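Here is the structure we will look at, set down as structure tokens.
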Amino acid sequence: MLQKPKGTYDIYGDNALKIIYLRKLINALMDKYNYKYFKTPTFEKSEVFHRGVGVTTDIVSKETYDFVDRGNRNMTLRPEGTAGIVRSFIENKLYADTMPFKAWYFGSMFRYERPQSGRYREFLQFGAEAFGSYDPMMDAEIISIIVNFFELLGLKGIKVNINTLGDNESRLNYRKALMDYFKPHIDSLCDDCKNRYEKNPLRILDCKVDADKDIMKNAPKMVDYLNDDSLNHYSKVKEYLKAMGIEYVENPRLVRGLDYYTHTVFEVEADIEGFGSQNVLGAGGRYDDLVETMEGPKTPGVGFAIGIDRLLLALESLKIDITEEDYLDIYAFCFDEEQRPYMMSLVNNLRLNGFNIDMDLIGRNIKNNFKHADKLKAKFVIIIGEDEVKTNIITLKNNETKEEYKIELENLIEFLDLKISEE
Ligand code: HAM
């Protein structure tokens with residue numbers, strides 16, 4: 001039997017309904033925040049992610065799906081959404097628009113990671129990016145989207161961790177302090193951290209292997225190396241979060257696994273008992289240098305992405321059911337082949353008039369048609385026979401009360417509108 005690739009999954013049935021519901025909620029939510037839908041290609045030239053996400057990151061060095069296309073070009077399936085949007089922002093000169101430019105996206109991302117619950121090789125992200133504002137209000141708005149989205153869903157046990165990486169000057173000073181600090185301890189660090197020491201010493205701080213060692217706990221803290229501008233930015237973000245009643249926890253060891261961040265970084269965790277180790281439901285931060293790094297004009301940015309798969313797992317462990325009831329307004333069937341054109345015309349017309357309607361597409365007998373109507377949770381059943389075609393008087397049955405009606409074709413839509421709105 002042919003099987004799906006490792007770390008992927010099929011979406012159908014209840015999970016499909018849940019995703020559709022989330023999409024609707026996200027559409028409405030992002031309208032409220034005035035962010036516009038944005039779609040970039042699922043694959044880009046590999047360079048986009050090398051420059052965007054950073055070649056020293058685990059994502060680019062170990063996890064990308066790279067391929068050479070038939071024209072001999074190096075391509076990569078997107079491991080995240082930010083780099084592609086930045087590429088498009090520059091290519092389409094969107095920086096010439098009124099700022100801030102606020103966009104949201106929803107789609108598949110691909111990372112060659114070791115699969116486990118909440119960690120897949122193809123997964124769904126909902127994210128947003130805002131360009132053109134250095135103002136800490138922008139960081140706070142971005143964080144508020146995640147918090148409000150989770151609140152709308154009734155998610156409990158959510159912890160917002162925040163930190164700052166400061167501007168370039170602060171980060172360089174901190175980097176130096178960390179290198180000086182870790183230098184005499186380098187042998188006691190894990191192999192990954194030994195590598196990180198030269199390439200990106202900040203990443204040593206979020207190592208899971210060395211996390212509990214004293215040298216990690218006593219490491220210098222970013223906040224002590226922030227210059228005035230960076231300190232001011234961070235305290236304003238916190239002030240604005242407080243003003244919106246958003247609770248957060250300051251986590252000085254939060255550094256994130258992507259190279260592009262400056263100033264604010266955040267991760268939103270599900271603090272739910274028994275929830276798996278992949279408990280970061282969403283994350284993001286500010287990236288004031290990324291547009292320039294990717295050869296655009298210097299433009300600040302800030303954004304987030306939420307892992308939809310992890311969100312669904314969190315909802316499940318809290319027993320929050322977001323499956324909307326699946327039902328049909330009408331199910332139609334006819335007795336003989338001669339009545340099929342009449343039925344198809346009627347069904348087509350009802351669909352155009354806004355009804356959810358399905359019909360017998362495999363020629364069931366009467367008993368099985370009624371059974372099928374029950375299974376589809378149809379509110380009404382339309383039955384077409386010779387008489388209906390001749391007289392244009394339609395027989396329909398309320399599938400719950402079993403009440404039967406004979407309605408003239410020209411009054412059918414009005415009748416159904418009334419009856420279905422009464423339900
Ligand atoms: P990220 O932290 O790499 O950030 O991913 C964001 C979220 O995607 C994670 O918190 C997690 O919920 C989900 N996620 C990541 N990897 C997997 C996986 N293998 N399986 C299932 N879910 C996963 C970014 O992607 C940045 N682009 C966020 C951002 C936007 N920063 C600024 N703008």
Identify, please: which residue in the range 312-371 is at pLDDT 95 or above and among the aromatic types (Phe, Trp, Tyr) and is, among those, nearest to Leu22 (Cα to Cα)? Phe355
Out of (1) small (Gly, Ala, Ser); (2) assigned to a helix (DSSP H, G or I); (3) within 22 Å of Val237 (Cα to Cα), what's the single condition that is false for Ala177? (3)
So the strands (runs of 3 or more DSSP E) completely within the range 292-385 holding 1 or more residues that are within 16 Å of the ligand (Cβ to nearest atom), open to solvent by less than 70 Å² (accessible area, probe 1.4 Å) and β-branched (Val, Ile, Thr) are 301-307
Hey, can you tell me all the residues within the range 16-44 that are exposed (fewer than 15 other Cβ atoms within 10 Å of the Cβ) and assigned to a strand (DSSP E or B)? Lys36, Tyr37
Taking the range 85-126 on its own, how many of its residues are farther than 20 Å from Asn15 by Cβ and either touching a Phe, Trp or Tyr at 6+ places or on another chain (Cβ under 7 Å) or more than 11 Å from the ligand (Cβ to nearest atom) (or both)? 21
Per-region count, the range 257-287, residues touching a Gly at 6+ places or on another chain (Cβ under 7 Å), closer than 24 Å to Met137 by Cβ and open to solvent by 30 Å² or more (accessible area, probe 1.4 Å): 0
Using beta carbons and a limit of 6 Å, which pairs, at least six apart or on different chains, have the first residue in the range 354-380 and under 11 Å from Tyr327 (Cβ atoms) and the second one modelled with pLDDT under 95 and surrounded by fewer than 19 Cβ atoms within 10 Å (Cβ to Cβ)? Lys377/Tyr327; Lys379/Glu423
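Counting residues that are at pLDDT 95 or above and in contact with a helix residue (DSSP H, G or I) (Cβ under 8 Å, 6 or more places away or on another chain), which strands (runs of 3 or more DSSP E) fully inside the range 56-120 reach at least 2?
74-77, 101-110
The values are calculated or read from the model by the stated rules, or taken from the named source; none is laboratory data. Note that the structure is a prediction, hence the values are computed from the model and not measured. Cβ: placed from backbone, ideal geometry, glycine included. Neighbour counts: every protein chain shown. When the accessible area is computed, the model is the full protein with side chains, heavy atoms only, and any ligands, DNA or RNA have been set aside. Shrake-Rupley method; radii C 1.70, N 1.55, O 1.52, S 1.80 Å.
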